[in-house]
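The values are calculated or read from the model by the stated rules, or taken from the named source; none is laboratory data. The model shown is predicted, which means the values in this text are computed figures rather than measured ones. Glycine also receives a Cβ, built like all others from the backbone with ideal geometry; neighbour counts cover every protein chain displayed. We work out accessible area using only protein heavy atoms, side chains counted, and drop any ligands, DNA or RNA first. Shrake-Rupley method; radii C 1.70, N 1.55, O 1.52, S 1.80 Å.
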Amino acid sequence: MTVKSVLIEIMNKKVFVSLFCLLCLSGSINAQEAEKSDLHKRAEAVDPNKQIASARSLFIHAFNDYANKGRTRQGVECGIKATALYYRENYYQEAFDLLRRVDQIITESKLDNAEMSALRYQTTKERLQMYVKLRKQPNAQEQLNSMERLAAQANDESVANDLLYTKAIFYYTFGQTAQGNAVFKEMANKLTAQKEYDKVDEVFKTLIANGRKSNNASLVAQSYSSYIAWKDSTSALKRADEIGALKKQIADHEASIAEKDSSLATRMVFIIGLGILAAALAAVLVVGAIILLRFILLTRRQKKLIVEANENNALKAKFISNISAQLEPTFKKLDSSVPEVKALLAFSEHIQTLSSLENTMDEEVELEEVSIPPFCESLIEQVKDKVKAEVSVTTNAPKMSATINKEYVSHILLHLLNNAALYTPAEGAINLDFKKRSAHTFQFLVSNTGSSIPEEKREDIFKPFVEIRDLTKGDGLGLPICKEMAKKMDGDLEIDPEFVKGVRFVLELHV
């Protein structure tokens with residue numbers, strides 16, 4: 001599939017989404033017009049990938065039915081869908097003829113000028129897509145100019161945003177990358193300024209999808225790096241918004257408390273006359289009320305922050321997992337002998353593994369009884385051929401069994417042993433030990449001689465996405481994945497701070 005065909009397919013999907021939003025937002029649609037006809041429903045029920053002619057015919061019948069009944073907006077929607085199905089099979093003459101009929105019913109409708117312009121914007125965009133597919137740049141440019149005029153007349157923010165997106169796709173299609181990047185940046189900045197962060201996310205996902213579907217690994221990597229950079233820059237804006245909202249909430253509560261304090265103080269004038277005991281009691285009640293109000297305020301604020309943080313983490317994990325899952329099939333079609341492609345394949349796999357672990361953290365893992373000595377020896381055998389000259393690789397495990405998740409423990413220990421093989425100098429030593437700490441706690445320890453990890457970096461090595469890396473030199477997700485696996489087994493993975501002859505990792509598990 002070429003970049004051109006991918007972009008056109010994405011634009012096809014965008015026009016349906018944009019038209020649907022336009023129809024939903026129109027306040028003048030009456031109850032009868034808002035309901036889809038039986039022909040419309042039947043057309044949407046047909047899978048165009050399997051029965052394209054049938055789907056197209058039904059949409060045309062639905063268009064004619066709507067046109068006869070004066071239901072212009074639904075008619076335009078069905079006409080545009082039928083047009084897309086025409087040129088999908090290269091029936092361009094029929095597609096252009098149908099669009100002329102759609103424009104005719106728009107002209108004959110009783111809609112106001114803004115609504116008519118918004119609908120004609122959609123039909124003009126469809127023509128643009130056909131000329132792009134036909135590689136007729138002058139004709140496509142002419143349609144784009146008309147779209148700019150119609151978008152101005154429609155005076156609709158969603159249409160204006162769609163125009164920016166369409167211009168970016170136009171420039172990218174005809175190799176005008178600099179102009180495409182400029183429009184894309186303008187669109188992202190505009191949505192960011194409007195605090196439409198979710199829409200900017202969607203824009204970046206679209207650009208990444210373009211690179212994925214066109215097998216452009218470089219574009220995917222560049223787009224993803226730009227997305228991460230944008231995400232970091234907007235985090236500060238989001239925090240500022242949250243802090244501003246919290247400050248306003250605090251100010252409101254403090255004003256409320258001040259009003260109550262004033263009211264209580266007024267009442268105190270009358271209470272003083274009842275005696276010292278009554279006055280002391282009132283003072284205690286006032287102080288108690290203030291403490292209680294502040295406690296309630298703090299509790300609600302903390303609860304809200306926790307909920308928002310959990311929701312953001314879940315959305316982030318889901319988004320990253322979806323992106324990686326969409327990229328993986330395309331990456332596998334590329335030449336895996338190329339270092340960049342190999343790195344992207346590994347990165348995609350790591351992203352999916354990490355997201356899966358985060359999303360299933362509360363699910364129980366399967367356990368089995370494993371004899372420890374042969375288990376440890378089999379792991380040692382897998383790394384012996386990777387160590388440097390005269391490096392000793394040994395295991396020290398007592399003759400006993402333990403109940404573990406063999407898949408997760410094997411993954412963690414092999415990752416640690418492979419790292420040790422990479423960083424242990426010649427004539428060094430690598431050890432895999434097993435120790436039982438209590439009736440329900442045991443540890444696997446992987447140690448190697450050589451350089452130790454600086455203390456200031458020990459916490460960061462278990463955190464994903466701490467820095468943007470050159471993927472060909474590693475994505476830094478290996479240890480974070482091992483950490484998540486350990487947590488899912490009700491355990492933990494840490495660096496032994498008391499080990500000074502190199503590095504020792506401690507995998508502690510609880511039965």
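What to note about this one:
- The mean sequence distance of close C-alpha pairs (under 8 Å, at least 6 residues apart), as a share of the length of the stretch 412-511, puts its relative contact order at 30 percent.
- For the stretch 399-471, size of Cβ-based charge dipole, Lys and Arg +1, Asp and Glu -1, in debye: 500 debye
- The alpha-carbon atoms of the stretch 86-152 define a convex hull whose volume equals 69 cubic angstrom per residue.
- Each 5 Å bin from zero up to the one holding the largest Cα-Cα distance in the stretch 420-496 carries the following percent of pairs: 3, 12, 17, 23, 22, 14, 6, 2, 1.
- When the solvent-accessible area of the stretch 38-157 is split by element, carbon and sulfur atoms take up 43 percent of it, the probe being 1.4 Å.
- Using the Stokes-Einstein relation with a Kirkwood hydrodynamic radius computed over Cα pairs, the translational diffusion coefficient of the stretch 45-110 at 10 °C and a viscosity of 1.306 mPa s comes to 135 µm²/s.
- Net length gained if the chain between Glu186 and Arg100 were fully extended (0.36 nm per residue, minus Cα distance): 27.7 nm
- As a fraction of the 1.4 Å probe accessible area of the stretch 338-400, surface on carbon and sulfur atoms comes out at 48 percent.
- Dividing the Cα radius of gyration of the stretch 135-211 by its Kirkwood radius returns 0.98 for Rg/Rh.
- FRET efficiency, 1/(1 + (r/R0)^6) with R0 25 Å, evaluated for Glu459 and Ala229 via beta carbons: 0.60
- Each label point was placed 7 Å from the Cα along the Cα-to-Cβ direction; for Glu494 and Glu148 their separation is 6.3 nm.
- Length released on extending from Gln382 to Leu111, taking residue separation times 0.36 nm less the Cα-Cα span: 90.2 nm
- Estimated FRET transfer efficiency when R0 is 41 angstrom, pair Met400-Ala426 (beta carbons, to 0.05): 0.75
- Segment Thr299-Val287, extension gain: residue separation times 0.36 nm, minus the distance between their alpha carbons: 2.5 nm
- Alpha-carbon Debye profile of the stretch 351-509, log10 I(q)/I(0) at 0.09, 0.10, 0.12, 0.17 Å⁻¹: -0.29, -0.36, -0.53, -1.09
- Take the stretch 387-434 with all the other protein chains still there, run a 1.4 Å probe, and you get 48 Å² of accessible area per residue.
- For the stretch 471-511, GluC sites (Glu not before Pro) are listed when DSSP marks them as loop and at most 13 other Cβ atoms sit within 10 Å of their Cβ; the list is Glu498.
- The stretch 410-511: trypsin sites (Lys or Arg not before Pro) in DSSP coil with no more than 14 other Cβ atoms inside 10 Å: Arg458, Lys501
- By a 1.4 Å probe calculation restricted to protein chains, Glu455 has an accessible surface near 150 Å², given to the nearest 10.
- Equivalent ellipsoid, the stretch 258-300 (semi-axes from 5 times Cα gyration tensor eigenvalues, Å): 24, 11, 4
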